[in-house]
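Everything below concerns the one structure shown next.
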Amino acid sequence: MTSRQRPPLWRDVRALRVAFQIVFLAVVAATIGYFYTNLLTNLNRLGIGTSFSYLDQSAGFAISGSDFSPSESFLAATLVGVQNTATVAVLGIALATVLGIVVGIARLSSNWLVRRAAAGYVEALRNIPVLVIILFWYLAVFLQLPPIDQAVEWAGALVLSNRGLALPWVERTGGLAVFLGCLAVGVLAAVASWVWRTRRNERTGAPSHRVRWAGIVLLGALLVAFFAGGRPLGLSLPERGELGTEQGLLLSPEYGALLIGLVVYTASHIAEIVRGSILAVPKGQTEAANALALSGFQRLRYVVLPQAFRIMIPPLANQYLNLTKNSSLGVAVAFPEVTRITRIAVGQQAPAPQAIVILMLVYLGFSLAISLVTNLVNWRLRRTGGA
Amino acid sequence: MGGSVRTDAQEPMPGDEAGPPIRHVGLRRWLRENLFSTWYNTALTVVFAAFLGWLLYQLGHFVFVAGRWEIIERNLKLLLVYRFPQEDLWRLWAALFVVAATVGVAAGAAARVRAVEIAEGRARPLARRVGLRRAAPLVLLVAVLLWLAGSVTTTLLAAGVAAVGVGGRYAGTLVPTRRAKWTGLLAFVGLLAAFVVVTGFGGQPWQEWRGFLLTLLLAVGGSVIAFPLGVLLALGRRSSLPAVRAVCVTYIELIRGVPLITVLFMAFLVIGFFMPPGVPTPSLATRALIGIVLFTAAYIAEIVRGGIQAIPKGQFEAAAALGLSVVKTTLLIVLPQALRAVIPALVGQFISLFKDTSLVSIIGLIEILGVGLAATKQSDFVAQGLIFEVLVFVAFVYWVACYTMSRESQRLEQRLGVGER
Amino acid sequence: MGRPRFFARLALPLTFVLLLSGCIGGTEGNQQEGRAGQTGAQAQGNTLQQVKDRGTLNCGVNNAVPGFGSVTAEGEYRGFDIDFCRAVAAAVLDDPEAVEFKPLTAEQRFTALQAGEIDVLIRNTTWTASRDGQEGATFLTTTFYDGQGMMVRADSSYQELEDMDGTTICVLSGTTTELNLASVFRARGIDHQPRTYEDNETLQQAFIQERCDGWTSDKSQLAGVRSNWPDNQGGPEALRILDETFSKEPLGPVVRDGDSQWAQVVDWVVIATIQAEEFGITSENVDQMQDSDNPEIARFLGGEDFDAGLGLPNDFAVKVIEAVGNYGEIYNRNVGPDTTLGLERGMNRLWTEGGLHYAPPYR
């Protein structure tokens, strides 16, 4: 580099690259700036302003299924929505994964009827908008449950009506500090025993039984914490009242419709991923398993699925993201997740541009969290090669 | 769960139509092998048969006995084209004829090219011919629509469209193989011509389209406009210039991180604020289209990027060795291979967009679902619980369209051999 | 799916998020300046002239409220609010069909008005102080006096709101009704669970299935729902609307702030329909009435070369009445006792009959 003469600036690739990038950034910035200026001008002209101070104002509307009071702020309302979205997303992801794996394996069943039924399930649900599916579950299934005065009760623990499914739930009866402290220690101990068993297994080859070990430690810690903390938690059983259930945990039909709608729709996509991943496991693996005289279940559990999982994870992560994003369709069945709360807020004089920026930030947060978790799992799988 | 698992399937991954050739075995043997091989398989068979029977009965009962389909019958025109003026309906038919003819010719020519390739041993024939069965759901949909319309003229016109399509298919096989390369372009030009027939020369501006017409517009228009944007974004994301890459990645991940409904929400409520003062806000349909294009472009970008990444490194090295410029490498080497590899994924994206257009109804722009829901509020039908009929009908239309497209895309995937690497 | 993607996913949108919060911080300062500049920058123009140049009226309406604004199976807009759109078009453009109907959702309506997408909003919109003040909207003469009511099943024991402690109540979202429900019940200390729906049909299904104990909305809408209640659900007799009206819901046309001429035009079109009923002018006798000996009627119908300076032709009332009839005709045709809604006139009678509609003198 030192002795060679540099070409003139306008023919120097490095200079051109820098110049091009500067121009590119300038154009992008100018475009954003242009629209942003327009936005400011318009907002100010209409007296809406650009401040986010509306978040502190009292919302004025109530939210079903929560203790939210209309005098609380827009910010508090949004947080209730975030919480509701999270409950749908977390449970939905878990259920959709289970159902998707079941259907995906059923698609490869040796039973013709099961195979065709699973294929029919996938083809039927994949090709209908999820919005229609959710509406259908709500109107045709959940609202058709018996009304509250004819609610189905089971063993005093479950109450099922179209006001929702009431389940037993823990309730707080005392201080939680000691309990949580003990529990935290317990969790650490469980993790430590897991690591220890894994290492021992790696070193000696003896069976690790790490699930068993960690489970027992955790359960023990839970019991110790419960009694040491002075039994701070009690069981709350649902009771049927005239207008609804009291106590316990109430899962509303709207929640149910959104959750089940998302689960069956997403599961139809996951099933295809599972099927594809199983088929992508080299045939020799199955043959080797057969040669070792493994049973059908063992072959699946120890040979095929662990390998299929590694292929599955990136597309699964995408489906998890989709499910979370699709939970915004709660609007259709009046489930107060964050999109719906935002819509109500805009209807009640929250400024639209600001409200939408917040909404987008919320979803970005969810997406980032999911990518983070799935990427960590993926990374770990690649590193350890285990499942 | 299905007992043991057929992990030793011979078939290529996608599409279960392409199984091994059917062995002719006795019915009893087939039943024993496939339904009653073990006790738990027998149990599964019984349980599933009972459940499926119940499901089919419920569906049949609703469709043929309980359903009150008058709401669909009377609102059929609204559902499909909404308030499209009666005197301009001929434009839609003309457009259908144009599309049928061009797509028919294109399909015929493509079939011929393929036949030649198979004859020369450059391509493998598909494992199994499905023939007319492919079109069965589509035929069923058209039959249902015609029955609901209950008009002789409509039936004749529909038959005419079908005839032109089939005729075009045969005319297409006469196109010399060398020219058949341009058939894709022909189909695209046909689509464009159809669009011009409906909108141009005093026709109906697309901003006014509603109902199923709007569904089509948003899905097709959205994809067509988003495609070049998506390719540019994908190239930008693969660029060696960090600034370009950063901007593209930010855009793509930002959009992919939020639901379509929030993008639409923004398009509907906020685009007006981005316009300079005095410039009128674009129409509802334009805003929906902007939202959909911005959204879809990010997804297309990711798909195309996947295609670019799948190109063997040797291709780039070869291009560099030939002294091709960056632009030439991109246009002549990278994009042709990348796009060819991702055609099935692009079709998948199109299907997903097609379904997602139903979301604009939440925002007040009435496509087919929105029209259906609004129809339940007409004074003749209000408060009668007819929303089920509407949902079933809309689901049926979507299902036929998406199912047909996904089937065709699977065939395409097999043909391109994408799933067989 | 390697590490680079992982970091890209995390890092870039995160920076964008930070950028956005930067914007938030940066814009805080502009606030006062913006509020101050609000009054000066309203020169958005002359809506009347724009409408005339365009040749059509852009009218923001509802397409899903039977009787007030809905689309028939033949694809025509019908309803009480729709007729007032046509009336304005008849007065300004001499053609009641020169209306571009823009169906809007509850959240969109004010944004659409602010952004100039529509010239006038006639979509059962309640006049409130904060809407008048904050939404950049001007409310005009009320076309329909309504009030919020509560509908329950006839076989239930509820007689007044106080009985409804602990109930679940269905309500449409984005409406004043939703806010009223919250504030009235809170003020009276009645505990309740609200269920807010976006869509009347879904709400109705929920109510049929006894998902909720009460349905609250404007009484006119409740009456419409009740009179249409399906026979297999027991017909109208199965429902009861509580006597109490617990809010005032004056519904009327809305225009943008800062264009007083256009506000006058729309205002006087509405007033003209009321005045016509007072004079006994109907769409059938409007031709004979033009030769009336009564100077007030003659002046109202464009005689005597009287120009009120509203920016409307002298005979605009004739065009309005020919197109849609007087207020009573509009009412009876769309929501009156003989329609499926079957609403009695009640508060919406003329002042001469004990109602609230009172037209300022046309002179």
Cβ pairs under 9 Å, 6+ apart or interchain, first in the range C:199-227 and facing chain A (nearest Cβ under 8 Å), second among the charged types (D, E, K, R) and open to solvent by 30 Å² or more (accessible area, probe 1.4 Å), ordered by first then second residue, are C:210/A:149; C:210/C:153; C:213/C:153
Within the range C:242-266, work out how many residues are closer than 17 Å to residue C:88 by Cα and surrounded by fewer than 20 Cβ atoms within 10 Å (Cβ to Cβ).
3
Look at residue B:80 and say whether it is of a type outside the set (Val, Ile, Thr) and touching a strand residue (DSSP E or B) at 6+ places or on another chain (Cβ under 9 Å).
yes
Residues being within 9 Å of another protein chain (Cβ to nearest Cβ), within 30 Å of residue B:339 (Cβ to Cβ) and part of a loop (DSSP other than H, G, I, E, B): count how many of those fall in the range B:360-417.
0
Looking only at the range A:79-95, decide whether some residue is more than 13 Å from chain B (Cβ to nearest Cβ), buried (at least 19 other Cβ atoms within 10 Å of the Cβ) and over 30 Å from residue C:213 (Cα atoms).
yes
Looking at the range B:152-270, what helices (runs of 4 or more DSSP H) fall wholly within it and have at least 1 residues that are of a type in the set (Lys, Arg) and modelled with pLDDT of 85 or more?
B:222-237, B:242-256
Here are B:357, B:329, B:296, B:286: which of them is more than 10 Å from chain C (Cβ to nearest Cβ), among the hydroxyl-bearing types (Ser, Thr, Tyr) and in contact with a Pro (Cβ under 9 Å, 6 or more places away or on another chain)?
B:357
What do you reckon, is residue B:272 within 27 Å of the chain's Cα centre (by Cα) and either crowded, with 19+ Cβ neighbours inside 10 Å or over 13 Å from residue B:285 (Cα atoms) (or both)?
no
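Quickly run through the range B:283-298 and pick out the residues that are touching a residue at least 24 places away in the same chain (Cβ under 8 Å) and open to solvent by 10 Å² or more (accessible area, probe 1.4 Å).
B:283, B:284, B:286, B:289, B:293, B:294, B:295
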Being part of a helix (DSSP H, G or I) and exposed (fewer than 15 other Cβ atoms within 10 Å of the Cβ) is the filter; apply it to the range B:135-151 and report the residue that is farthest from the chain's Cα centre (by Cα).
B:147
Residues of the range A:112-138 being touching a residue at least 24 places away in the same chain (Cβ under 8 Å), in contact with a Gly (Cβ under 9 Å, 6 or more places away or on another chain) and open to solvent by less than 40 Å² (accessible area, probe 1.4 Å), in sequence order, are A:118, A:122, A:130, A:131, A:133, A:134, A:135, A:138
Of the conditions (1) over 30 Å from residue C:158 (Cβ atoms); (2) open to solvent by 40 Å² or more (accessible area, probe 1.4 Å); (3) in a loop (DSSP other than H, G, I, E, B), the single one that residue A:206 does not satisfy is (2)
Count, please, the residues in the range A:190-222 that happen to be closer than 20 Å to residue A:179 by Cβ and not small (Gly, Ala, Ser).
6
Verdict on residue A:114 being within 30 Å of residue B:34 (Cα to Cα), within 7 Å of chain B (Cβ to nearest Cβ) and part of a helix (DSSP H, G or I):
yes
Out of A:52, A:74, A:61, I need the residue that is touching a residue at least 24 places away in the same chain (Cβ under 8 Å), under 21 Å from residue C:175 (Cβ atoms) and facing another protein chain (nearest Cβ under 7 Å). Which one?
A:61
Aromatic (Phe, Trp, Tyr), without any contact (Cβ under 8 Å) to a residue 60 or more places away in the chain and surrounded by fewer than 18 Cβ atoms within 10 Å (Cβ to Cβ), is that true of residue A:154?
yes
Complete set of residues in the range A:141-181 that are in a loop (DSSP other than H, G, I, E, B), modelled with pLDDT under 80 and out of contact with any Asp or Glu (no Cβ under 9 Å at 6 or more places or on another chain)
A:151, A:155, A:157, A:168, A:173, A:174, A:175, A:176
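The values are calculated or read from the model by the stated rules, or taken from the named source; none is laboratory data. Please read all numbers here as calculations on a predicted model, not as lab measurements. In this analysis, Cβ positions are derived from the backbone assuming ideal geometry, glycine residues included, and neighbour counts consider all displayed protein chains. Calculation scope for accessible area: heavy atoms of the full protein, side chains included, ligands and nucleic acids excluded. Shrake-Rupley method; radii C 1.70, N 1.55, O 1.52, S 1.80 Å.
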